[in-house]
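One structure coming up, written as structure tokens, with questions to follow.
Taken together, the values in this text are just the output of simple stated rules run on the coordinates, not laboratory data. For clarity, every value in this text was computed on a predicted model and none was experimentally measured. Here the Cβ positions follow ideal geometry from the backbone for every residue, glycine too, while neighbour counts run over all protein chains shown.
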Ligand code: UDP
């Protein structure tokens with residue numbers, strides 16, 4: 001145990017979106033489990049989502065706490081309590097939330113100065129924190145919340161612009177310089193990559209700040225995407241530590257898993273239902289913490305799942321409550337009566353569900369956390385990317401680690417805009433029948449997924465790659481502290 005003077009003091013600053021906040025809070029908890037004094041900066045409504053886990057960690061002797069900053073609701077005209085991107089209901093609210101984030105810069109910088117940490121670990125969406133760290137003469141580690149693969153693919157597109165040499169949005173092009181032969185179409189690229197806009201400038205700032213950071217803490221593990229880990233470090237020239245799968249490592253008990261990212265839930269109908277099912281017989285269908293489908297897409301999905309004749313748990317978040325709740329409640333009743341499926345409304349305890357032996361695969365929107373959680377559970381997947389960097393992540397799953405089949409989405413869209421494309425029931429049925437069926441190709445995918453699941457578990461065990469990386473990183477940060485005196 002370090003004396004107080006030797007102990008490393010780290011501040012963690014998560015972004016206000018579940019897919020970034022959950023893994024960065026868990027990373028802070030991991031640091032604290034390994035002797036680091038950790039403070040997590042957050043706002044009142046966001047603290048409610050993880051405070052209990054922090055309190056449990058603290059009462060078991062870890063030096064960890066939250067520091068809660070007031071949220072400038074009135075200043076940005078947001079209703080009280082709306083402090084996270086998964087709580088908003090319109091693009092206008094999204095702009096206000098970004099504005100609120102910018103107003104938090106001053107109090108956060110003040111806090112850095114008052115607390116005098118030895119290092120800060122901050123989300124990519126706070127590019128200015130690299131300057132705050134420089135002012136204090138301490139390292140800033142960036143947290144992206146995504147795969148090495150997607151960072152490498154995005155960098156390759158930026159450098160070579162291969163999409164500019166094809167005639168149409170649907171022609172395929174090769175991503176040059178990557179370790180595998182990866183093909184994409186222009187329509188799968190984020191629109192801000194194709195045509196410069198305000199978001200392009202923000203991403204440029206983020207990339208520039210990444211280059212000037214001490215390095216990156218990655219929620220990935222060596223055995224999963226080693227060639228891209230290497231590419232990121234040696235070709236893109238950024239120091240990085242793979243310490244994942246963080247969810248597996250930080251959430252060791254069921255209370256952690258059930259509460260993760262959620263205020264509280266005692267609902268366990270799903271558990272009784274899954275306990276009554278055979279091993280690998282149920283498909284888990286979820287599109288992350290932000291997505292809400294149009295009515296037409298919900299209808300196609302419901303029909304596709306039903307027509308597949310396989311059992312499923314479907315997590316539904318509604319955009320058009322008035323239009324969709326009625327028919328979906330009827331659908332829910334019907335599939336429950338036939339014992340074929342279960343709907344979970346709004347938020348599911350995903351980690352617990354995925355590790356249940358009855359789950360045999362998942363449909364995922366290719367959010368990085370969900371992919372990694374599926375990998376950890378040793379599950380094959382159907383990929384259905386929507387926005388952000390999800391089309392890159394899909395390629396990793398289908399073309400590199402080969403544990404998934406694409407449902408066939410062709411067009412990237414913004415998170416809060418209506419998709420032009422509707423995935424048809426026949427395509428959904430086909431993908432589900434393939435993945436949950438007993439064909440040779442699907443069996444090979446399942447084997448590969450199982451092996452990766454084993455590798456994930458080994459990575460976080462004593463002597464495993466992620467374990468060693470975390471120890472190495474903490475040691476390096478301590479020696480930097482000593483050098484500063
Ligand atoms: N999640 C969950 N229950 C839900 C929806 C999401 O526990 O009903 C968790 C999921 O386990 C993952 C995170 O929220 O850790 C979502 O992150 P991801 O990167 O998969 O997608 P995003 O929500 O950022 O699109």
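Take the alpha-carbon centre of region 173-223, take the same for region 1-61, and report the distance between them in whole Å.
Going from one Cα centre to the other spans 28 Å.
Specify, per residue and in Å³, the volume enclosed by the convex hull of the alpha carbon atoms belonging to region 392-447.
92
Can you pull the semi-axes for region 209-249, root of five times each eigenvalue of the Cα gyration tensor, sorted largest first, whole Å?
After scaling each eigenvalue by five and taking roots: 19, 13, 5 Å.
Could the peptides 284-297, 68-81, 462-475 be put in order, highest first, of the mean number of other beta-carbon atoms found within 10 Å of their residues?
Highest mean packing first, the order is 284-297, 462-475, 68-81.
By how many degrees, 0 to 90 and rounded to 10, does the Cα axis of helix 148-160 deviate from the longest principal axis of the chain?
Once rounded, one gets 90 degrees.
Here's another thing I want to ask about it. Pull out the extension gain between residue 211 and residue 483, defined as 0.36 nm times the separation in residues minus the alpha carbon to alpha carbon distance; nm, one decimal.
95.7 nm
Suppose the chain between residue 444 and residue 98 were pulled fully straight at 0.36 nm per residue; how much longer would it get relative to their current alpha carbon spacing?
Once the chain is fully extended between residue 444 and residue 98, it gains 120.1 nm.
How far is helix 465-484 tilted, in degrees, relative to the longest principal axis of the Cα atoms in the chain, given as a value from 0 to 90 rounded to the nearest 10?
That works out to roughly 20 degrees.
Specify the inter-centroid distance of region 381-405 and region 412-436, based on alpha-carbon positions, in whole Å.
The two parts, judged by their Cα centres, are 13 Å apart.
For region 263-457, what percent of Cα pairs sit more than 31 Å apart?
10
Another one. Taking Rh as the Kirkwood radius computed over C-alpha pairs, what is the Stokes-Einstein D of the chain at 10 °C in a medium of viscosity 1.306 mPa s, expressed in µm² per second?
D = 69 µm²/s.
Determine the calculated [θ] at 222 nm for the chain from helices alone, applying -39500 (n - 2.57) to every DSSP H run no shorter than 4 residues and normalising by the residue count; nearest 500 deg cm²/dmol.
Estimated from H runs of four or more residues: -13500 deg cm²/dmol.
Could you tell me how many degrees, from 0 to 90 and to the nearest 10, lie between the Cα long axis of helix 105-115 and the main elongation axis, the longest principal axis, of the Cα atoms of the chain?
Long axis of 105-115 versus the principal axis of the chain: about 50 degrees.
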